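Engineer: Before I ask anything, here is the structure I am working with.
Every read-out reported here was derived from the displayed coordinates using simple, explicitly stated rules and does not represent laboratory data. From a predicted model like this one, the values you see are computed outputs, not experimental measurements. A quick note on method: Cβ atoms are made from the backbone with ideal geometry, for glycine too, and the neighbour counts reach across all protein chains shown.
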Amino acid sequence: MTTNKFNRRTFLLRAFTSGSLLLLAGCERLSRSEWFPKVLDSAEKLTQATQHLIAPRQAMAQEFTEADLSPQFRSNGTSNPENPQYQALAANSFADYRLQVGGLVARPTAFSLTGLRSLPSRTQITRHDCVEGWSAIGKWKGTPLSVVLARVQPKPEARYVVFYCADPMDGQGTRYYESIDMDDAHHPQTILAYELNDQPLPVANGAPVRVRIERQLGYKMAKYIMGIRLVDSFANIGGGKGGYWEDQGYEWYAGI
Ligand SMILES: Nc1nc2c(c(=O)[nH]1)N[C@H]1C(S)=C(S)[C@@H](COP(=O)(O)O)O[C@H]1N2
Ligand SMILES: [Mo]
């Protein structure tokens, strides 16, 4: 049984990576054979690597060069959270900051800024597109979210990653928050950024940590991240739509 599954998986991996016309012919023939539908049934059991190969969502966002950098990366939305706890952390250069990662994970962990910086990092020069109609190219450095997830070990039922931010959005205790699914969470360009243009992330752009999700619009890229939770639903979080702007009517999936 196990050997059988392995063979099918190996076959599919080869088929999907071969990129040949023979494959198409093969698929047509296979679809009429008896066991092919069974393979499709077990599609969810395919390795994540295989899914990435076949899912266009996993394509990389364009990356640019230093020559393309915008002279200045503007700030939008909150530029300095009116939150006493945040202000106290900022006053001490975020030495006491702890990124709390919990929810549906086997090992809830609090990461200091030094701790995050000591993990493997990724640097990328990308274009940020805001729905309000402006773009800017910036150079971001940070910890791939996949690295952090590997540390905390998401449980199988985890479906979304929710980012909880420091900035109050009204007088009622509503704070900015956002969420993405596990595909975006594992995308190589999804990073917890702590540097912008070779400098520690400025407060105006989300210090000490903000997320970059390069295939989505600007409002997905939560700034001032204080906590991350893995959940199986966001029905009971905020207005239940998966983000502050989503609760006001924006699309949850803001792919570009
Ligand atoms: N916590 C928080 N994150 C946020 C926002 C915000 O107001 N608060 N604004 C969003 C929007 S609409 C955009 S376009 C970008 C702006 O990022 P920037 O300030 O680095 O330009 O952050 C996004 N993330
Ligand atoms: Mo935006």
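Engineer: Show me 223-231, 87-95 ranked by packing, highest mean number of other Cβ atoms within 10 Å first.
Structural biologist: Result, highest mean first: 223-231, 87-95.
Engineer: Right, something else. How large is ³J(HN,Hα) for each residue in the range 71-84, as worked out from phi by the Karplus curve 6.51 cos²θ - 1.76 cosθ + 1.60 (θ = phi - 60°), to whole Hz, x for Gly and Pro?
Structural biologist: x, 8, 9, 5, 9, 9, x, 5, 10, 6, x, 7, 9, x
Engineer: What spacing in nm lies between the two simple spin-label points modelled at Gln248 and Asn80, each 7 Å away from Cα in the Cβ direction?
Structural biologist: Inter-label distance under the simple model: 2.2 nm.
Engineer: Using 0.36 nm times the number of residues separating Thr114 and Asp181, minus their current alpha carbon distance, what extension gain do you get?
Structural biologist: The Thr114-Asp181 span can extend by a further 21.4 nm.
Engineer: Is the shape of the range 60-243 rounded, prolate or oblate, going by the alpha carbon gyration tensor and its root eigenvalues a ≥ b ≥ c, with a/c under 1.5 for rounded and a/b larger than b/c for prolate?
Structural biologist: rounded
Engineer: Just grab the label-to-label distance for Arg151 and Ala67, each label 7 Å out from Cα along the Cβ direction, in nm (one decimal).
Structural biologist: Taking the two extended label points, one gets 3.8 nm.
Engineer: Within the range 60-243, how many Lys pairs that are eight or more residues apart, or on different chains, come under 23 Å at the alpha-carbon?
Structural biologist: Pairs that pass both the separation and distance tests number 7.
Engineer: Then there's this: Of Ile191, Ile256, Ile125, how do they rank once you tally other Cβ atoms within 10 Å and put the fewest first?
Structural biologist: Arranged by neighbour count, lowest to highest, Ile191, Ile256, Ile125 become Ile256, Ile125, Ile191.
Engineer: Sticking with this structure for a sec: Which residues' amide hydrogens lie under 5 Å from the amide hydrogen of Met169, considering only partners 5 or more residues apart or on another chain, with H built in the peptide plane?
Structural biologist: Here Thr174, Arg175, Tyr176 satisfy the definition.
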